[in-house]
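The values are calculated or read from the model by the stated rules, or taken from the named source; none is laboratory data. These numbers come from a predicted model, not from an experiment. Here the Cβ positions follow ideal geometry from the backbone for every residue, glycine too, while neighbour counts run over all protein chains shown. We work out accessible area using only protein heavy atoms, side chains counted, and drop any ligands, DNA or RNA first. Shrake-Rupley method; radii C 1.70, N 1.55, O 1.52, S 1.80 Å.
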Amino acid sequence: MQYDLVVLGSGPGGYVGAIRASQLGMKVAVVERAELGGICLNWGCIPTKSLLKSASVFEYLQHAEDYGIKFEGEAKADFDAMVKRSRGVADGMSKGIQFLFKKNKIDVINGFGKLKDSKTLEVTKDDGSKQDVNAKNILLATGARSRELPNLPQDGEKIIGYRKALTLDKKPESMIVVGSGAIGSEFAYFYNSIGVKVTLVEYLPNIVPLEDEEVSKQLGRSFKKSGINVMVSSEVLSVDTSGAKVKATIKTKKGEEVHEADVVLSAVGISPNIEGIGLEEVGVEVEKGKVKVDAFYQTSVAGVYAIGDIVPGQALAHVASAEAITCVEKIAGEKVQAIDYGNIPGCTYTTPEVASVGMTEKAAKEAGHELKVGKFPFSASGKASAAGHKDGFVKLIFDAKYGELLGAHLIGANVTEMIAELVVAKKLETTGHELVKAIHPHPTMSEAIMEAAAAAYDEVIHI
């Protein structure tokens, strides 16, 4: 069958692109070698949030008396049940993609896809048989996998990646997490919350190092308060897995230290899945390990497109989805705008949560902006006090001359649900004064946005 579009990969980039293309009248097929929904739905975003919700509920139960609730007995974390629930949530989401594909008349072809030429994907089935799938356009959306360091070779037992961390056979007593980006920090929080002794190792001076420095330091304080051993400006030099426990030699400012743990989780980033999919044979240009594309995701080969983790830009599920929609709309001849990568929100679902968009204060200064910076602590928020979540703050960065919102940095309870307001504000070129005058409901956590904007202009009421 001749398709208008064949998508290689069914993650949040691939399946979204396929559905949008079908809506635009294209005949679409998706080639997938594993579960529909890709890493995000099956081994990333969704199952991790399920585990984090279990951890949050467990923490609430442990602090029930803080809310005037007493119950007999002791709350216990059932690790196996948490994992089982997580897998059930992921399976449900994957089945949801099956439904959406059926609804949108999208064909699913199971197997490993490889470019044969600019109009053909060769699909190798599990039984070794091959099938050619022809299309006017091909969209590569193959995603990424856990990055491995030479000194941290993953064996799936004592040195693991994020996939294994989701499905461990039993709860370890101790864990060393290497890397404090979103993946590392979320797993460090989860395992610590259910009673695992966690050491978090970060090479840079602050955890969640891409965030604004004040946010990074606040999360570091919160983690230490919760019992996580946070080691910054530190590097794992080597690991010894020969004994019952893993021995990690860690270089710190004070010298080398040896730390023992049941398991080491390597969370040092991701590697794009570009091997073996025919890029070299067809002549698709690759630069610095990523597929080179234009503003609308056309590769160096006409008719072949690429989006998501395999192209330059933030490796985030919502970015892949946005790129896919932009790409297929362009293919369909729609009038589309290129994505503004300066207005991409990032979220880390720890406790407290972290959310941000735009420039950090440091980056804004380095770009030559004169700034007005407003900060409002949740300790001054009535809703935060009532909810028992007073850690954190909202920090807004404005250009002093024009009032333009340059960056927003939030840490606290539910801030991942609040950041979208600031993404929209930035998209619409809202000024600081407009945010001050936009009436926010009381009592809410979101009032802190209005108050932080007011603080930037010396108009704040509640601090």
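Here is how the numbers come out for the structure above:
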item	result
With every protein chain in place, segment 1-106: carbon and sulfur % of accessible area (1.4 Å)	55 percent
Förster radius 45 Å - calculated FRET efficiency between residue 59 and residue 2 (Cβ-Cβ, nearest 0.05)	0.25
Kirkwood Rh, angstrom, segment 1-64 [1 / mean 1/r, Cα pairs]	13.7 Å
Pairwise centroid distance, computed over Cα atoms, of segment 435-450 with segment 34-69, Å	28 Å
Spherically averaged projected area of segment 289-384 from its Cα convex hull (nm²)	9.7 nm²
Kirkwood Rh in Å, taken over all unlike Cα pairs in segment 1-109	16.0 Å
All-pairs Cα distance distribution in segment 226-364, expressed in whole percent, bin size 5 Å	2, 7, 13, 13, 13, 12, 12, 11, 8, 5, 2, 1, 0
Rel. contact order, % - alpha carbon contacts under 8 angstrom, at least six apart, segment 120-214	18 percent
P(r), alpha carbons of segment 334-463 - 10 Å bins starting at zero, rounded %	14, 46, 32, 8, 1
Rounded accessible area per residue of the chain, 1.4 Å, Å²	47 Å²
Surface/4 of the Cα convex hull for segment 171-301, nm²	11.2 nm²
Residue-by-residue Karplus 3J(HN,Hα) for segment 441-457, coefficients 6.51, -1.76, 1.60, Hz, glycine and proline x	x, 10, x, 9, 5, 5, 4, 4, 5, 4, 5, 5, 5, 5, 4, 5, 10
Kirkwood Rh, Cα atoms: Rg over Rh of the chain	0.99
